[in-house]
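Notes follow the structure.
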Amino acid sequence: MTNMIQNPVLPGFNPDPSICVVGDDYYIATSTFEWYPGVQIHHSKDLINWRLVSRPCNREALLDMRGEPDSCGVWAPCLTYSDGLFHLIYTDVKRFDGNFKDAHNYLTTCETIDGMWSDPVYMNSSGFDPSLFHDDDGKKWFVNMVWDHRHQNNRFGGILLQEYCPQQKKLIGEITNIYKGTKLAITEAPHLYKHNGYYYLITAEGGTFSTHAMTMARSKNLHGPYEDDPYGYLLTAKDNQDLGLQRTGHGDIFETSTGETYLVHLCGRPYKGATRCVLGRETGIQKTYWTEDDWLRVEDAVTDGLPKMQVKAPNLPEHKWPKAKERCTFDEPNLPIDFQWLRTPYPETFMDLSACKGKLRLIGKQSLGSLYEQALIARRQQAFAYKAQTSIEFDPVNFQQTAGLICYYNTSKFHYCYISVDDDGNRFVDIMSCLADPSLSLVFPLRDGHMGEWKTDARFALPKTGAIHLRADVDHHQLVFSFSLNEHVWNKLPVNLDMTILADEAGVGEGCHFTGAFVGMACQDVSGQQCHADFDYFEYLELE
């Protein structure tokens with residue numbers, strides 16, 4: 001019986017995949033944007049079962065994103081292996097609104113995938129989506145799309161090529177624009193390969209939403225000229241909006257240890273009958289083959305280039321990983337790998353796993369709209385339906401102190417079930433929502449007719465002391481929060497919340513956000529007194 005790969009192989013926010021094969025091991029690197037540590041790397045031995053093993057950009061020397069806007073940070077890493085080293089190329093985008101991007105590209109290396117990666121080598125800042133190609137003559141070549149800020153020009157100005165010298169640790173020689181793209185335009189995500197005497201250039205085009213596609217060109221000469229694939233797109237769902245996988249494009253091709261060729265690619269799964277992908281941009285795999293005239297095609301597609309939910313796996317031994325615990329009790333000295341935080345390389349300033357044994361302590365920091373210091377620990381939403389639950393000990397002394405359970409996309413898209421205190425010192429639980437657009441986040445109507453982020457119809461009184469259990473029940477587009485004093489009797493807050501705002505596509509300026517929904521724990525103290533909240537456990541249970 002043929003084993004099958006079920007797409008997406010990396011569900012939830014795992015975009016812009018780059019794959020590296022080392023012997024019998026397969027590693028996929030994906031973008032993390034403003035989430036810290038930067039770059040996710042998953043490991044597999046059979047292309048079916050994957051586990052998260054590393055986030056290399058885990059210290060200030062490699063990444064500091066404090067102050068960076070939403071959806072900036074780490075874009076489109078490229079992971080390769082050569083000369084006994086893993087090579088990781090990544091972009092740190094400091095700004096992308098307006099004409100300029102301010103995208104800085106770096107290289108870091110390591111002998112092992114989960115070791116201490118080297119301090120970064122600065123490459124350039126001419127554009128984003130960089131990658132490194134190791135030619136068979138020993139030379140190394142760096143490519144990236146070039147960003148053209150001039151108002152009369154195409155912003156996506158082509159693919160730049162330049163040699164990298166590992167001895168000098170810098171780019172050297174002439175910079176060449178080797179490819180301008182196809183008529184679909186928005187040409188980005190370049191990767192170079194060599195096969196049967198040709199240099200192949202894979203790019204992503206059409207933007208990362210419904211018109212996304214993966215395209216291919218080739219040349220006998222590394223510097224071009226490159227001819228476009230006469231078959232059209234290597235992979236796209238742009239003309240087939242009924243497929244289960246949408247937004248397919250940005251990816252990488254590879255050969256298995258059994259000699260078969262596959263590709264990894266970005267994809268999204270919108271709600272049925274809708275266009276929003278709350279799970280964000282995910283990673284899928286498709287099986288491919290080389291034609292007699294040396295072009296790559298997706299295998300078994302009714303029409304060339306259509307992505308499939310199930311794909312034939314290579315003939316490799318099945319290798320399952322231990323199943324992750326559904327309930328984390330914070331008994332270990334380090335945060336479980338599923339969790340991340342926002343922007344800062346200094347988590348010790350807002351979290352502590354030793355202050356209260358078996359608990360995660362969050363020290364209240366700035367507001368949920370801050371781009372600098374937030375006390376927020378969260379994990380990806382990876383299923384359409386799930387239950388998340390936590391227990392919190394929190395004794396606020398003023399209204400500026402809050403803590404609780406949050407379903408979060410970014411600073412302008414979230415639903416927050418929080419505990420605070422009124423002017424008489426009485427604790428309560430309530431919901432705060434920010435509704436997908438900075439211009440709307442301050443116009444949510446309150447009961448008293450004023451305008452703001454707050455939704456107060458759900459307020460319930462709590463005992464003056466004691467732990468409070470909070471729960472989020474997500475069923476596709478709907479979210480309901482509940483609280484309990486004993487984890488047995490639950491009180492639902494009488495508000496059905498719209499989960500679809502936690503999507504790239506939500507809000508004015510659609511197409512300007514690139515991450516996915518998270519669920520986690522948070523604590524704020526905008527009075528500056530640094531109150532703290534202790535979380536006893538965090539449970540995440542997927543239901544569909």
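Worth a mention:
- Residues of the range 350-394 that turn out to be assigned to a loop (DSSP other than H, G, I, E, B) and closer than 28 Å to C72 by Cα, as a count: 15
- Among the residues listed as N99, N105, the single one being surrounded by fewer than 17 Cβ atoms within 10 Å (Cβ to Cβ) and among the polar types (S, T, N, Q): N99
- The range 211-236 - residue that is touching a Lys or Arg at 6+ places or on another chain (Cβ under 7 Å) and buried (at least 17 other Cβ atoms within 10 Å of the Cβ) and, of those, farthest from H134 (Cα to Cα): T211
- Scanning the range 194-210 for residues that are at pLDDT 95 or above, in contact with a Lys or Arg (Cβ under 9 Å, 6 or more places away or on another chain) and more than 22 Å from D148 (Cα to Cα) yields a count of 5.
- Filtered residues of the range 395-439 (kept if part of a loop (DSSP other than H, G, I, E, B), of a type in the set (S, T, Y) and crowded, with 17+ Cβ neighbours inside 10 Å): T411, S412
- Spans of strands (runs of 3 or more DSSP E) in the range 459-544 with at least 3 residues touching a residue at least 24 places away in the same chain (Cβ under 8 Å), closer than 30 Å to G207 by Cα and not assigned by TED's automatic domain parsing to the domain that holds I363: none
- Selection count where residues are at pLDDT 95 or above and in a loop (DSSP other than H, G, I, E, B), scope the range 240-253: 1
- Put simply, of D437, D448, D457 the only residue that is modelled with pLDDT under 90 and within 21 Å of the chain's Cα centre (by Cα) is D437.
- Residue match in the range 66-81 (condition: surrounded by 24 or more Cβ atoms within 10 Å (Cβ to Cβ), at pLDDT 95 or above and of a type in the set (G, A, S)): yes
- The range 110-123, residues that are farther than 16 Å from R55 by Cβ and buried (at least 19 other Cβ atoms within 10 Å of the Cβ): M123
- In the range 175-218, the residues that are out of contact with any Phe, Trp or Tyr (no Cβ under 8 Å at 6 or more places or on another chain) and acidic (D, E): E205
The values are calculated or read from the model by the stated rules, or taken from the named source; none is laboratory data. Computed from a predicted model, the values in this text were never measured in an experiment. Every residue, glycine among them, receives a Cβ derived from its backbone with ideal geometry; neighbour counts consider all protein chains shown.
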